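Before any comments, here is the structure.
The values are calculated or read from the model by the stated rules, or taken from the named source; none is laboratory data. Every value quoted in this text rests on a predicted model; they were computed, and no experiment measured them. Note: ideal-geometry Cβ built from the backbone for every residue, glycine included; neighbour counts use all protein chains shown. Accessible surface is based on the protein model in full, side chains and every heavy atom, while ligands, DNA and RNA are left aside. Shrake-Rupley method; radii C 1.70, N 1.55, O 1.52, S 1.80 Å.
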Amino acid sequence: LELEMSEEIQNYSDVLVINNEGKALFLKRTATDEFEPSVFGFPGGKIEPNESAQEAGARELMEETGLTFSEIVPLDVIDNEDGSVSNYFAVKFSDYDNKIEISKEHEKFEFFDEMEIEKQDVIMRQNERFARLIMNAKKSLTNLEKMEEGQEFEINGVMYVVKDGKPVLKEEETEIEAAAEKPNEEEKKEGEKDAEIEEVEAAKEQAPPAPAEKNEAALTKEDVMAMIKEFAQ
């Protein structure tokens, strides 16, 4: 039953790549595509097992466009009518340091703003949703640029914190800080061992010299004479 449900209901991750003109990157599916041919959609796709939504978004973006980003900004999570969930992320695009190389699944790419996308043929006729997402993506990226280091913010009930100008899950940042503060166990043991050796050496130097042990085998002249006298008797 779980296998059948996993095959019927699939979750997705899409990425809005926003250029300097405030337009989002769209990919046009090929005319021979079995599902929704010749329509535009964001780069993205299905979330694989044991893969987070953010990891899936970054992977699909690389596979479909050749673009790689270390961080993509969480944007929105939308429940679809078929029971699936669509996760949306955003990222800033620069023509100077990125080159788009689309996959064989698509025939071309275009950049559209929220007004232009309303006139295009898009996947599942989600023109209104796409227009709203483009506006939210531009707003989120602009707000992120204004945020200070360490500032916290919330998206769909999930807390994030700004780290090096990028959003990081609050829980992940806490774990990173805890790991940095926690000393290495091996180094800690070595340090304790060295401290014990130093304490022992210091104690030896401060301790008074031990008294010389008495030689029980040494005999006086009187003792020898007494023994001879006793033997003679």
Residues being over 22 Å from MET159 (Cα atoms) and either among the polar types (S, T, N, Q) or touching a residue at least 60 places away in the same chain (Cβ under 8 Å) (or both): count how many of those fall in the stretch 40-91. 9
In the stretch 26-39, which residues are free of Cβ contacts under 8 Å to residues at least 12 places away in the same chain and closer than 27 Å to GLU116 by Cβ? THR32, PHE35, PRO37
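Only one of GLU81, GLU118, GLU110, GLU101 is exposed (fewer than 15 other Cβ atoms within 10 Å of the Cβ) and touching a Phe, Trp or Tyr at 6+ places or on another chain (Cβ under 6 Å). Can you tell me which? Working first, answer last.
On the way: GLU81 fails: touching a Phe, Trp or Tyr at 6+ places or on another chain (Cβ under 6 Å); GLU118 fails: touching a Phe, Trp or Tyr at 6+ places or on another chain (Cβ under 6 Å); GLU101 fails: touching a Phe, Trp or Tyr at 6+ places or on another chain (Cβ under 6 Å).
Result: GLU110 is the single residue among GLU81, GLU118, GLU110, GLU101 that is exposed (fewer than 15 other Cβ atoms within 10 Å of the Cβ) and touching a Phe, Trp or Tyr at 6+ places or on another chain (Cβ under 6 Å).
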What are the pairs with Cβ atoms under 6 angstrom where one residue, in the stretch 124-150, is under 13 Å from PHE40 (Cβ atoms) and the other, located anywhere, is surrounded by 14 or more Cβ atoms within 10 Å (Cβ to Cβ) and of a type in the set (D, E, K, R)? Sequence gap at least six, or different chains. ALA131/GLU114; ILE134/GLU114
Any chance you could count how many residues in the stretch 55-78 are open to solvent by less than 50 Å² (accessible area, probe 1.4 Å) and not hydrophobic (A, V, I, L, M, F, W, C)? 7
The stretch 69-81, residues that are modelled with pLDDT of 90 or more and farther than 18 Å from ASN136 by Cα: ASN80, GLU81
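If I filter the stretch 121-155 down to residues being within 19 Å of the chain's Cα centre (by Cα) and not in a helix (DSSP H, G or I), which single residue comes out as surrounded by the most Cβ atoms within 10 Å (Cβ to Cβ)? It would help to see each step written out before you state the result.
If we filter the stretch 121-155 for residues that are within 19 Å of the chain's Cα centre (by Cα), which is where we start, we get 144, 149-155.
After this cut, where a residue has to be not in a helix (DSSP H, G or I) as well, the list is 149-155.
Details: GLU149: 9, GLY150: 9, GLN151: 12, GLU152: 11, PHE153: 16, GLU154: 9, ILE155: 14.
In this case the residue turns out to be PHE153.
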